[in-house]
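Read the structure below first, then the notes.
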């Protein structure tokens, strides 16, 4: 299992960017592909920041755990399995120390977005995530 602990901001490398498509919606995301990037995630950003779309990429499918310590905005997270299918969507509370664990041990991606984005965009469990670039 992967658990995220806070790092000093200077430790985390700059995030890459990509576009993903889900349910006909194209979403521009920051990509957290290294351990340092995954640990930093969306923490310490201003609540008003427009950059609250992040794709966490895991080297091998696994069960993952997230928390919201130092994250200033409520988010929703979709856990995506090794077949690129959304298997679980969970709402996350800003600055919470409560951990959220994926039900599946086959998670390849986790997509964090502003809370409610999946519902308003009609993105649901069973939809496929396609990496565009």
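A few points about this structure:
- Alpha-carbon centroids, the range 26-42 and the range 82-133: separation in whole Å: 13
- The calculated FRET efficiency for the pair residue 33 and residue 119, based on their C-beta separation and a Förster distance of 35 Å, comes to about 0.80.
- Among the listed values [x] 9.4; [y] 7.1; [z] 12.4, the one matching mean projected area of the Cα convex hull in nm² as calculated from this structure is [y].
- Highest mean first, the peptides 78-88, 111-121 sorted by other C-beta atoms within 10 Å per residue fall in the order 78-88, 111-121.
- For the chain, calculated [θ]222 nm from helices alone, where every DSSP H run of n ≥ 4 adds -39500 (n - 2.57): -1500 deg cm²/dmol
We did not get these values from a lab; they are worked out from the coordinates using the rules stated. What you see is a predicted model; the values in this text were computed from it and never measured. FYI the Cβ positions are ideal-geometry reconstructions off the backbone, even for glycines, and counts take in every protein chain you see.
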